[in-house]
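Note sheet for the following structure.
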Amino acid sequence: MPRFKSVKGMQDILPEEEALWSRVTGAAVSIARRFGFAKIDTPVLEATALFARGVGEDTDIVSKEMYSFLDRGRDGEQGESLTLRPEFTAGVMRAYIENGLASRPQPQKLYSLGPIFRRERPQKLRYRQFNQFNAEIIGSADPVADLEILLLAYMLHSELGFKNLNFQINSTGDPECKPRYIEALKAYLAPHAEKLAPTDRDRLQRNPLRVLDSKERETLPYLADAPHMLDYLNEGCRAHFSELLGYLDALGIPYTVNHRLVRGLDYYTKTVFELWGEGLGAQAALCGGGRYDGLIELLGGPPTPGVGFAAGIERIVHVIREQGVSVPALPQPRLFVAYQGDAAKQAAVALASDLRLRGIGARIAFDGRSLKAQFRDADRYGCAYVAVIGPDELAAGSVTLRDLTRSAQQTMTREAFGAWAIQTLSAQDATTVA
Ligand code: HAM
């Protein structure tokens, strides 16, 4: 038999990761709730056309990174092309339109958490399946909505202990001023086109803004003097941007205006940003987002402004782990139920079940192991107590309780044991066991 392996670029998240992961996702959800966000869960599969339209045909994501397949139609005919979501935003907008969320009080503040799929070249911290925490504020053009998205991203990372956080921020304008800037950028780059890296020559034709955030050695010298988008903004976009920066200044949130930041998804208008910080190496984004005022209309909904961001959970977990931050283990049962003999096994199963029904955690021995082995197991699992039912206890309707930390033991009636368990273990189960 061949040995099966996980698909390239996709990874298992093992039980020892659970505490760290729930610390990160727990922080994200609790901070989002402080801002008044509510959860929206959308399907992992969407129509391919949604992403082609929403994210943009010429983006790297849509042109080469999507996991798409043809569904089966009726009577064996070819069905629709479906895609594993390569981001949340387009799907959340589809859900907003489809479920009539526009008729609810605006703005709608929605967060999501779950797997994202991109067929990127796997490398460190770049996976083909990864998890995002995503947040969107839909239905407000107010720069305060942009601010709340930036603050949510900032608080998430600062509360998790990230250092030297700094926003990179830019405005990409709106459908009125953006085309003027693109023309200016094309005019500036055209005389140098032959000297640009081949990928950027291609981008100059298909998606000129993307040349701006090129990392290619040949292209970089020509970008230093490229025109700045901010000089081309119309009055509305300029006022929006300066109001947002004013809030950041007033709150002391560090940022750098980065004239080359455009981001790799086509739907952005006005604000775009990334959060940079220590931990991922030089100038790597911890998370990113921006405003997308034309997206809902582009997808067939009413004209509706929106702004959002997404953070990669794997990247956050990586940085926290590298920093050696210790995370308390999650609660585990403190009691192990051991038995001797088949008849006692039944009584032990009943005892453990009864405890769990009352909300108390308990482990039980499997596979008829010797009592000595069961005690070893209890110790291995970090249980502080073992309840033993052997032939004597079975006959007397009692339980022998061994306290492993104090090496003390005591035999008591089932009722007395039940009372002890409620008193001692309910409180302990609720606390975190290191
Ligand atoms: P994005 O910049 O493509 O934005 O992805 C957001 C975050 O997802 C990145 O900053 C990074 O932390 C993580 N990420 C991206 N690709 C990978 C990968 N291959 N492996 C691990 N982590 C990755 C978006 O997805 C937009 N939808 C964000 C947004 C929401 N804009 C408005 N609303």
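Coordinate-derived values only; no laboratory data. Everything quoted here is computed from the prediction, not taken from an experiment. Cβ placement follows ideal geometry from the backbone for every residue including glycine, while neighbour counts extend to all protein chains displayed.
The table for this structure:
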item	result
Two-decimal log10 I(q)/I(0) for the chain, as the Debye equation yields it once each C-alpha is a single scatterer, q = 0.14 Å⁻¹	-1.24
Sites S63 and F366 - FRET efficiency at Förster radius 56 Å, r taken between beta-carbons, to 0.05	0.60
Length-normalised contact order of the chain in % [C-alpha pairs under 8 Å, at least 6 apart]	15 percent
Proxy reagent accessibility, fewest Cβ within 10 Å first, across Y188, Y127, Y292	Y188, Y127, Y292
Inter-site label distance for L298 and S6 at 7 Å from Cα along Cβ, in nm	3.2 nm
Chain lengthening between D75 and A419 when straightened (0.36 nm per residue, less Cα-Cα)	117.6 nm
MRE, 222 nm, helices only [DSSP H, n ≥ 4, -39500 (n - 2.57), over the chain, to nearest 500]	-11000 deg cm²/dmol
For region 217-363, alpha-carbon Rg relative to the globular expectation (2.2 N^0.38 Å, N residues)	1.85
For region 234-326: relative contact order, % (alpha-carbon pairs under 8 angstrom, 6 or more apart)	19 percent
Reciprocal of mean inverse Cα separation for region 1-134 (Kirkwood radius, Å)	17.0 Å
Ranked packing of 17-23, 60-66, 383-389, most packed first, by mean Cβ within 10 Å	383-389, 60-66, 17-23
q = 0.26 Å⁻¹, region 247-304: log10 I(q)/I(0) [Debye, one scatterer per Cα]	-1.11
Fewest-first ranking of T48, T413, using other Cβ atoms within 10 Å as the exposure measure	T413, T48
Relative contact order of region 1-114, pairs being alpha-carbon contacts under 8 Å that are 6 or more residues apart, as %	28 percent
